[in-house]
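Undergrad: Can you read through this structure? Questions will come right after.
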Amino acid sequence: MDDGTSQYYFTASMDSGKTLYNLLKSIQFQECAVFCAMNEGLKLTVEEGKCVQASAYIPADNFTEYHVRDDVDVLFKINISVLTECLNIFGANEDSSLKMYYRCEGSPLLLVLQPQSMINVMTDCEIATQIADSILELRDEDVPEVAKLVLKASAFMGLLGDLERSCDTIEINLSPEHPNVSIITYGMQDRSCIDVPKSSDMVQSFSCKQAIRLKYQLYHLRLIMKALAISSKVVLRSSSNGLLLIQLKLEKEDQRQMFTEFFILPLLDD
Amino acid sequence: MKFRAVMVDPGPMRELTHIVNTISKLSKECVLRLSDDKIYFIVSEDNSGPTPPVLWCEISQSNFFSEYQMIGIDEDHKDIYLGIVSASLAKSLVTLKTAKMLKIKLTKKQCPCLTLDIEMPSSISQQTRQVSHDIPVVVVPRKLWGEFNEPKIPQPDISIELPPLKQLRNTIDRMKTMSSDIIISASAEGRLTLQIKTDTAKVSTRFRGLNVESFEGPIDHSDSETESQTCEDISKICSCRIDAKKFSMFLNAEQISHNRTLCHIIHKRLVVLQLHTKENVDFQCFIMGIVY
């Protein structure tokens, strides 16, 4: 097989596709994703109306075999809902091993899946690929980071779940003074506020250089809920231009890690 | 016309519940045909013409009922055909799983009814509770009986054992979200392939090592678009394109405890899915092939 696969742009295999499925499912709020295989790992990126950018990142050490050709770019657009359906082809209760092949530009992404508990069954998938759309470059090294928060994912999920659903906007105030974090939502007739001082159990680390007031669409922030549900740790970083970066870490049983990352653009003050 | 039957064994009671439940998911209405030695559940599509019914389920009465009496219309028409809303029957039978006894009668209330008397054990005392359901039925007139005749199926090109239905169902349900129809193919070597093709994806799941009950080859592929796969004799492969939803609906039958399941394929025309239970029930679904 070795001589056969070396001409492929990208090949990878893993023993259990379940975590990958859950990870992709958590950023699947759009039909299509940009699939990018780099030497260090695999990254899939989804954008919501140029306001939210979500990526799933799987470091190469999660794969039992991972190979990207050095002389080419492995970058294409793929239907992420089809990809997740294919990863889940044997149903939610069945974990399966996974192999991925991508021969060259324009060729489909091939998946071969085999359930762990059953022999005599296998699935081949050919998923069409398209030329990737350009994605926003939101990371800007020149803009200073103002605040960084490390929280327990489950507690933060509880907090987001408690927020009034009918509200459109959420305001996050960060400050070096007490109460370090306060989250405010504005409804039709009410205003509710949750304060999280840095001494709180859910806060693992807090740093903030200057007070900052940020406004986002609550719906955008809610997009991270699925990722929160499978992650253990969440890092919120805010830059002076209001851009919010949320990084989530998922720890697997085998000590390996996978990540999701959300960039959320702020609402402008009216 | 008279009908009265009594059921006391928990095994058949459970099985009947599952069968009726499965039927209620397949169709709103079904026809219950009662004859001397068998009862039948039949689901047919409206205006189906000469096509086979959607479902044909045959239950031999002696395995299910401890008492069974019936009198048809007259000497020449010994059977009774009743049209019934399958969901109401299914709802009434929910309690049957834990019942001690079931009596079924054909009664005349304001309209003809199938009366079910279910005797339930009480968890706190020795006394039992009596639950009674009257389910309205329509007596099917004799001139329409012909629509519910036993389906005449041509000799299948292949009859192959199905993999565990639960497993099959998981896969079909995933495929169903991506495509409205599925190509099912079976080879004389015991391989069953489920395949979908859409603009965005081509997915095929293969099950190997299944028993082939019978094979009437070779299959003529001269007019088809079947892609010949490497090193495989396509004259030994038989396939049919069918509606994914209908296939998935049959797989609800997974809840009926079964001994074996078979898939009969008539190349490009018809797929018959058949399930046999411990109590000798024969449950068959007919899915017509789709031809583009």
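The values are calculated or read from the model by the stated rules, or taken from the named source; none is laboratory data. Computed from a prediction, not measured in an experiment: that's the story for all the values here. When we count neighbours, we look across all protein chains shown, and the Cβ atoms used for this are built from the backbone with ideal geometry, even at glycine. The accessibility values were calculated without ligands, DNA or RNA, using every heavy atom of the protein model including side chains. Shrake-Rupley method; radii C 1.70, N 1.55, O 1.52, S 1.80 Å.
Undergrad: Using alpha carbons only, how many angstrom separate the centre of segment A:57-111 from the centre of segment B:72-124?
TA: Cα centres, segment A:57-111 to segment B:72-124: 54 Å.
Undergrad: Rank A:ALA92, A:LEU265, A:CYS193 by how far each Cα sits towards the positive end of the charge dipole of the protein assembly as shown (+1 on Lys, Arg Cβ; -1 on Asp, Glu Cβ) and give me just the farthest.
TA: It is A:CYS193.
Undergrad: For chain B, modelled as a Gaussian network with Cα springs under 10 Å, which listed residue fluctuates most, B:LYS28, B:LYS97, B:LYS143?
TA: The residue with the greatest mean-square fluctuation here is B:LYS143.
Undergrad: Additional query: In vacuum, with every alpha carbon of chain A counted as one equal point scatterer, what does the Debye formula give for log10 I(q)/I(0) at q = 0.12, 0.15 Å⁻¹? Two decimals, please.
TA: Taking Cα atoms of chain A as identical point scatterers yields -0.78, -1.11.
Undergrad: What whole-number volume per residue, in cubic angstrom, does the convex hull of the C-alpha atoms of the protein assembly as shown give?
TA: Considering the Cα atoms of the protein assembly as shown, their hull volume per residue is 233 Å³.
Undergrad: Would you calculate, for chain A, the mean residue ellipticity at 222 nm contributed by helices, counting each DSSP H stretch of 4 or more residues as -39,500 (n - 2.57) and dividing by all residues, to the nearest 500?
TA: Helix-only estimate at 222 nm: -3500 deg cm²/dmol.
Undergrad: Given just the C-alpha atoms of segment B:11-107, how large is their convex hull per residue in cubic angstrom?
TA: Numbers: hull volume 11.1 nm³, N = 97.
Taking the convex hull of the Cα positions in segment B:11-107, it is 114 Å³ per residue.
Undergrad: Related question: Across segment A:32-43, in residue order, what do the Karplus-derived ³J(HN,Hα) couplings come to in whole Hz, using 6.51 cos²θ - 1.76 cosθ + 1.60 with θ = phi - 60° and x for Gly and Pro?
TA: Listing the rounded values in order: 10, 10, 9, 9, 9, 9, 10, 4, 7, x, 10, 9 Hz.
Undergrad: Moving on to the next point. P(r) for segment B:156-226, please, calculated from all Cα pair distances in 5 Å bins and given in %.
TA: Percent of pairs per bin, in order: 3, 15, 23, 23, 19, 13, 4, 0.
Undergrad: Alpha carbons only, please: Rg and Dmax for segment A:165-255, in angstrom.
TA: 14.3, 49
Undergrad: Karplus couplings for segment A:112-125 from phi (6.51 cos²θ - 1.76 cosθ + 1.60, θ = phi - 60°), rounded to Hz, Gly and Pro as x?
TA: 10, 10, 9, x, 6, 8, 10, 9, 6, 10, 8, 10, 10, 10
Undergrad: Next question. Cα-Cα pairs above 17 Å in segment A:21-105: how many percent?
TA: So the pairs more than 17 Å apart make up 51 percent of the total in segment A:21-105.
Undergrad: Output needed: Cys residues of chain A lacking any neighbouring Cys C-beta below 4.7 Å, sorted by number.
TA: Those would be A:CYS32, A:CYS36, A:CYS51, A:CYS104, A:CYS167, A:CYS193, A:CYS208, since no other cysteine Cβ in chain A comes under 4.7 Å of theirs.
Undergrad: Express the carbon and sulfur contribution to the solvent-accessible surface of segment B:1-141 as a percent, rounded to the nearest whole number, probe 1.4 angstrom.
TA: Answer for segment B:1-141 is 50 percent, counting heavy atoms of protein chains only.
Undergrad: Please name the residues of segment B:168-188 whose accessible area, counted over protein heavy atoms with a 1.4 angstrom probe, falls by no less than 10 Å² between the chain alone and the full protein assembly.
TA: B:ASN170, B:THR171, B:ARG174, B:THR177, B:MET178
Undergrad: Related question: For segment A:189-195, just list the computed ³J(HN,Hα) in residue order, Karplus coefficients 6.51, -1.76 and 1.60, θ = phi - 60°, integers in Hz, with x standing in for Gly and Pro.
TA: Values per residue, Gly and Pro as x: 10, 9, 9, 10, 9, 10, 9 Hz.
Undergrad: Can you give me the span-like helices of chain A, meaning DSSP H runs with 18 Å or more of Cα extent along the axis and Kyte-Doolittle mean at or above 1.0?
TA: Qualifying helices: none.
Undergrad: Moving on. Please compute how much accessible surface disappears when B pairs with A, both sides summed, using a 1.4 Å probe, and round it to the nearest 100 Å².
TA: Rounded to the nearest hundred, the buried surface is 1700 Å².
Undergrad: If you don't mind, there's one more thing I want to ask. Rounded to a whole number of µm²/s, how large is the Stokes-Einstein D of segment B:58-149 at 37 °C and 0.692 mPa s, given Rh as the Kirkwood radius over C-alpha pairs?
TA: D = 217 µm²/s.
Undergrad: Per residue of A:80-90, count partner chain C-beta atoms within 10 Å of its C-beta, then hand back the mean as an integer. Walk me through the intermediate numbers first.
TA: Details: counts 0, 3, 6, 2, 1, 8, 5, 1, 5, 10, 5.
For peptide A:80-90, the averaged partner shielding equals 4.
Undergrad: Cα centroid distance between segment A:194-241 and segment B:1-63, in Å?
TA: Centre-to-centre distance over Cα atoms comes out at 59 Å.
Undergrad: What accessible area per residue, rounded to a whole number of Å², is obtained for the protein assembly as shown using a probe radius of 1.4 Å?
TA: 49 Å²
Undergrad: Taking the convex hull of the Cα atoms, report for chain B its projected area averaged over all directions, in nm².
TA: Its Cα hull, projected and averaged over all orientations, spans 18.0 nm².
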